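Peer 1: The structure follows.
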Amino acid sequence: MNVILTCGGTAGHINPAIAVANMMKQRHPDCNILFIGASGHMEEKLVPQAGYELKVLPVSGLSRQKSLAAVKKNINAVKCVLSAVGRCKKIIREFKPDVIIGTGGYASFPALYAGHQLGIPTCVHEANALPGLTTKLAANIADRVMVCFDESRQYYKNPDKVSVVGMPIRQEFLTMTQQEAKERLGLSGRPLVVSAFGSQGAKVMNQTMAEMFTMEKNDGFPFHHIHAVGSFGWGWMPELVHNNGVDLEHSPEIDMREYIYDMPEVMVAADVFISRAGSATCNEIAASGTPCILIPSPNVTNNHQEKNARVLEKSGGAVVVLESECTAERIYSEVNAMLGDGKRRAGMEAALKGLVKTDATERICDILEELAKA
């Protein structure tokens with residue numbers, strides 16, 4: 001069997017695709033997997049690191065503004081899509097896939113559209129309750145649409161081809177124990193706090209974490225802290241932390257990275273996880289059962305991150321702090337309160353694990369096999 005997975009832009013689109021690829025290889029060891037993504041984005045790091053071949057396309061995102069610059073940007077985006085469709089047709093003819101699945105990102109649509117034109121079965125998975133632009137376009141041509149929530153059916157023109165499958169998650173989030181994860185990371189003794197705000201990072205949250213590092217130093221580093229800066233903040237945050245009086249070179253309790261590549265181990269090992277509230281992240285948190293503090297991004301379509309976060313909060317598994325109310329003092333206080341109450345954390349873990357659909361990846365693979373046979 002030959003399978004093409006197309007995704008890109010952010011880890012929230014890429015990691016679910018990798019989870020599906022891993023399951024397909026587990027089911028069919030001789031399965032040939034190819035990824036199609038966008039040049040200059042996270043997939044160029046994550047996909048090869050997961051052991052899969054990646055073909056990249058030159059793509060450009062659309063602007064929702066009405067300025068002249070936005071119009072020019074959108075004209076260029078259309079040109080990129082047309083060029084990408086032609087490139088995808090060449091890739092598809094050479095690879096000869098039995099099925100193509102898209103999990104989001106601007107690279108997905110050209111690959112799915114090219115596959116549709118060439119008569120290849122196609123499907124798309126949407127992580128959020130409300131479909132994004134790529135999914136709306138792809139849903140019109142795809143043979144199947146897969147969603148995480150039953151209420152999402154209403155947003156599609158052909159609900160009869162929509163399947164509720166949940167969110168594909170790498171098996172390590174479900175099977176690894178906290179003790180195993182901490183042993184793999186070489187951590188023992190003091191608690192572990194992890195913070196990450198997307199593969200690109202968020203400036204205001206990086207600034208908040210830099211302030212929190214200073215508080216940790218002043219308190220004698222009461223916990224080990226792993227922080228993912230993201231690509232946009234990697235150039236300037238080390239200097240900010242240094243100017244705040246924290247010497248990272250001589251502060252082993254703080255592990256600041258551009259990106260957390262071993263996220264299953266790190267998240268499962270964490271006693272408290274601080275992050276945005278993208279759908280993929282929320283599902284990974286639920287699968288690992290890690291007590292969390294969620295600060296939803298206010299800069300997303302339809303405020304979908306806060307909606308995601310409130311689901312976890314309602315279950316009792318998360319504390320939600322809006323960015324407008326977020327300070328280093330508030331987050332530091334919430335972290336210390338959680339770390340000081342083991343019974344509370346145990347309750348949060350149980351609540352989170354009760355939310356996740358553990359067989360989502362299997363359901364998606366079932367659909368891929370069904371389409372491939374057809």
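Throughout, read-outs are computed from the coordinates displayed, never taken from laboratory work. Note that the structure is predicted; figures quoted are calculated from it, not measured. Ideal geometry is used to build each Cβ from the backbone, glycine not excepted, and the neighbour counts take in all protein chains shown.
Peer 1: Quick one: angle between helix 203-218 and the longest Cα principal axis of the chain, in degrees between 0 and 90, rounded to 10, please.
Peer 2: The answer is roughly 30 degrees.
Peer 1: I've got another one for you. With unit charges on the beta carbons (Lys and Arg positive, Asp and Glu negative) and the dipole taken about the Cα centre of the chain, which residue among SER297, SER83, GLY340 sits farthest to the positive side?
Peer 2: In the chain, that residue is SER83.
Peer 1: If you average 1/r across every pair of different Cα atoms in the range 172-353 and take the reciprocal, what Kirkwood value do you get, in Å?
Peer 2: Working: mean 1/r = 0.0616 Å⁻¹.
Hydrodynamic radius (Kirkwood, Cα only) of the range 172-353 equals 16.2 Å.
Peer 1: If contacts are Cα pairs under 8 angstrom and at least 6 residues apart, what is the relative contact order of the range 282-374 in percent?
Peer 2: Numbers: 92 pairs, mean separation 34.9, N = 93.
Rounded, it is 38 percent for the range 282-374.
Peer 1: Is there a quick way to get the dipole size of the chain? I mean about its Cα centre, with the Cβ of Lys and Arg at +1 and of Asp and Glu at -1; what is the value in debye to the nearest 20? Display every interim value, and only then the final one.
Peer 2: Numbers: 38 positive and 40 negative charges, 342 e Å.
That gives the chain a dipole magnitude of about 1640 debye.
Peer 1: Further question on the same structure: How big is the gap, in Å, between the Cα center of the range 150-227 and the Cα center of the range 6-49?
Peer 2: 19 Å
Peer 1: Right, next: Roughly what % of Cα-Cα distances in the chain sit above 35 Å, to the whole percent?
Peer 2: Numbers: 17764 of 69751 pairs.
More than 35 Å apart: 25 percent of the Cα pairs in the chain.
Peer 1: Sorted by mean Cβ packing within 10 Å, highest first, what order do the peptides 235-248, 44-57 take?
Peer 2: Working: 235-248: 14.6, 44-57: 17.4.
Sorting 235-248, 44-57 by mean packing, highest first, produces 44-57, 235-248.
Peer 1: If you don't mind, there's one more thing I want to ask. By counting other Cβ atoms within 10 Å of each Cβ, how are HIS116, HIS224 ranked from fewest to most? Walk me through the numbers before you get to the answer.
Peer 2: Details: HIS116 17, HIS224 23.
Ordered by Cβ neighbours within 10 Å, fewest first: HIS116, HIS224.
Peer 1: Which of ARG190, ARG87 comes first, and how do the rest follow, when ranked by fewest Cβ neighbours within 10 Å?
Peer 2: Details: ARG190 14, ARG87 18.
Going from least to most buried by this count: ARG190, ARG87.
Peer 1: Have a look at GLU329, GLU362, GLU284 and tell me which one the Gaussian network model of the chain (Cα, springs below 10 Å) gives the largest fluctuation.
Peer 2: So, out of GLU329, GLU362, GLU284, the one fluctuating most is GLU329.
Peer 1: As a check on your grasp of the helix formula, calculate [θ] at 222 nm for the chain: sum -39500 (n - 2.57) over DSSP H runs of n ≥ 4, divide by the residue count, round to the nearest 500.
Peer 2: On the way: 15 runs with 171 residues, N = 374.
Rounded to the nearest 500, the figure is -14000 deg cm²/dmol.
Peer 1: So how do THR175, THR358, THR208 line up by other beta-carbon neighbours within 10 Å, fewest first?
Peer 2: Numbers: THR175 12, THR358 15, THR208 22.
Lowest to highest Cβ neighbour count: THR175, THR358, THR208.
Peer 1: Relative to the longest principal axis of the C-alpha atoms of the chain, give the angle of the C-alpha long axis of helix 279-288, reported between 0 and 90° and rounded to the nearest 10°.
Peer 2: Roughly 60 degrees, rounded to the nearest 10.
Peer 1: Moving on to the next point. Taking the chain as the reference, fit the longest principal axis to its C-alpha atoms, fit the long axis of helix 342-353 to the helix C-alpha atoms, and give the angle between the two in degrees, 0 to 90, nearest 10.
Peer 2: Computed tilt is about 0 degrees.
Peer 1: Check the range 172-353 and count each lysine pair with an alpha-carbon distance under 25 angstrom, considering only pairs eight or more places apart or from different chains.
Peer 2: Summing the qualifying lysine pairs gives 9.
Peer 1: May I ask which residue of LEU187, LEU368, ASN308 lies farthest towards the positive end of the charge dipole of the chain, with charges of +1 (Lys, Arg) and -1 (Asp, Glu) on Cβ and the Cα centre as origin?
Peer 2: Value: LEU368.
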